[in-house]
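A short worksheet on the structure shown next.
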Amino acid sequence: MAHLTSRRGLLFGTAAVSAGALLTACTSNDSSNEPAANDQPAAEDKPGKEVTIGFAGPQADHGWLNAINENAKSRAEKYEDVTLEITEGSNDTAQQIGQIETLINKKVDVLVILPADGKALTQVGLKAMRAGIPVVNLDRIFNTPQAYRCWIGGDNYGMGLNAGHYIGEKLKDKPNARVIELAGVDSLELTRQRTQGFDDALKNYPNIKKVARQAADFTVESGQAKMAQLLQAQSKFDALWNHDDDQGVGALRAIEQAGRDDFLMVGGAGALSAFQAIKQDDGVLKATVLYPPTMAASAIDLARALGQGKGVGGLAEFEIPASLTLYSAVVDKDNVDQYMSTGFK
């Protein structure tokens, strides 16, 4: 485990400005308001009660998950009064449960948990809460609210909804427009939520029809293979929504190999490579819909506030909210510079 001492930093990051505005004063009455990471106003950094935060997440085998870990570490380093105990991370549920139980036995003040499997780890969340250790449940949700004090995560349905509306507005004047979808992993609820949001948005545009869908596996290799199949099957379409920017790297390779540039593409999540391609604006990728890994930085802020018994600035309540859903902003060439520093590799 890494032992990190921390002091000041960014609250939600530019990817969650609307929620971050409520939290910028969550730790004190007096704010220095100096710029922090990503040039956002800093949370109040006046040292308070010492807080030890345990952080447990899955193995960082994906660009987004690696960014989750990095956001948590860098955010914790901003605070003098926070010590971060971080596990190595595992996709094996039994191993992750063991790591969390170790943190419980160490009697950390607060736990931040991104479970590899929310259902499978619900019991260990309950165990922590019953031991008097508040849990910040990050993104993949436990089966019961009794297993966490606060949930913070992305909006999968909102990703699809905003991707659909962006594409819909671009194609609303085109008769008989055709779109295709490169989804994630169909066994995951988040994939189904993203597709549902996309389909619901397209209902507002009767001129647009979704003509094909392929599920990939959130990897570069599968993105390339599945995109190649879609391109072979669909000789003509107007827009593509790809659920994930990592698999989008492979999708873009397949598109380039096929010599296709007759449609627009919208990605998902917010990878740095996607932001750079959008800014360069010389290919099919025109936008991406955020699923911001800065949520891990915000989870550290919430854990610190919980450990110090403080609420959220900008709200009348004395306690932090029970849940915070981040907004899935659309990033295109008009605002990409604003989000560039939040892009993950």
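The values are calculated or read from the model by the stated rules, or taken from the named source; none is laboratory data. Since we're looking at a predicted model, the values are computed, not measured. Methodologically, a virtual Cβ is constructed for each residue, glycine included, from the backbone with ideal geometry; neighbour enumeration extends over all protein chains shown. With ligands, DNA and RNA removed, areas are computed over all heavy atoms of the protein, side chains included. Shrake-Rupley method; radii C 1.70, N 1.55, O 1.52, S 1.80 Å.
Cα extents of segment 159-304 along the three principal axes, largest first, in whole Å?
For segment 159-304, the Cα spread along each principal axis is 52, 33, 33 Å.
Over all directions, average the projected area of the Cα convex hull of the chain and note it in nm².
For the Cα atoms of the chain, the hull's average projected area reads 16.7 nm².
What residue among Asn143, Asn242, Met295 has its Cα farthest toward the positive end of the dipole of the chain, where the charges are +1 on Lys, Arg and -1 on Asp, Glu, each on the Cβ?
After comparing all options, I get Asn143.
When we measure straight from the Cα of Lys107, which lysines land under 19 angstrom away, once same-chain ones fewer than 8 places off are left out?
Lys107 reaches Lys49, Lys127.
Measure off 7 Å from each Cα along the Cα-to-Cβ vector at Lys279 and Asp334, then give the distance between these two points in nanometres to one decimal.
The modelled label-to-label distance comes out at 1.9 nm.
I need the calculated FRET efficiency for the pair Ala233 and Asp200, taking r as the beta carbon distance and R₀ as 41 Å, to the nearest 0.05.
0.95
What figure, in Å² to the nearest 10, do you get for the accessible area of Val336 with a 1.4 Å probe and non-protein molecules left out?
Rounded to the nearest 10, that gives 0 Å².
Could you tell me the center-to-center distance, by alpha carbons, between segment 281-338 and segment 204-226 in angstrom?
27
Whole number please: convex hull volume per residue of the Cα set in segment 126-215, in Å³?
Convex hull of Cα atoms, per residue: 90 Å³.
Is there a quick way to get the dipole size of the chain? I mean about its Cα centre, with the Cβ of Lys and Arg at +1 and of Asp and Glu at -1; what is the value in debye to the nearest 20?
Magnitude of the dipole: close to 620 debye.
As I understand it, the dipole of segment 67-140 uses +1 on the Cβ of Lys and Arg and -1 on the Cβ of Asp and Glu, about the Cα centre. Which of Ala72, Leu111, Pro134 lies farthest toward its positive end?
Going by the charge dipole, the pick is Pro134.
So, with +1 on the Cβ of K and R and -1 on the Cβ of D and E, and no other charges, what is the size of the charge dipole of segment 115-213 about its Cα centre, to the nearest 20 debye?
In total the dipole reaches around 80 debye.
Which stretch or stretches of segment 70-90 have amide N atoms under 18 Å from the point lying 7 Å from Glu101's Cα along the Cα→Cβ direction?
87-90
Can you tell me how much longer the chain between Glu70 and Gln123 gets when fully stretched, taken as 0.36 nm per residue apart minus their C-alpha distance, in nm with one decimal?
16.4 nm
Kindly sort His165, His243 by accessible area of their heavy atoms, largest first, with the probe set to 1.4 Å.
Reading off the accessible areas and sorting them downward yields His165, His243.
Among the aspartates and glutamates, which have Cα under 13 Å from the Cα of Lys172 when same-chain residues fewer than 8 positions away are ignored?
List returned: Asp238.
Roll a 1.4 Å probe over the protein heavy atoms and report the accessible area of Lys78 in Å², nearest 10.
70
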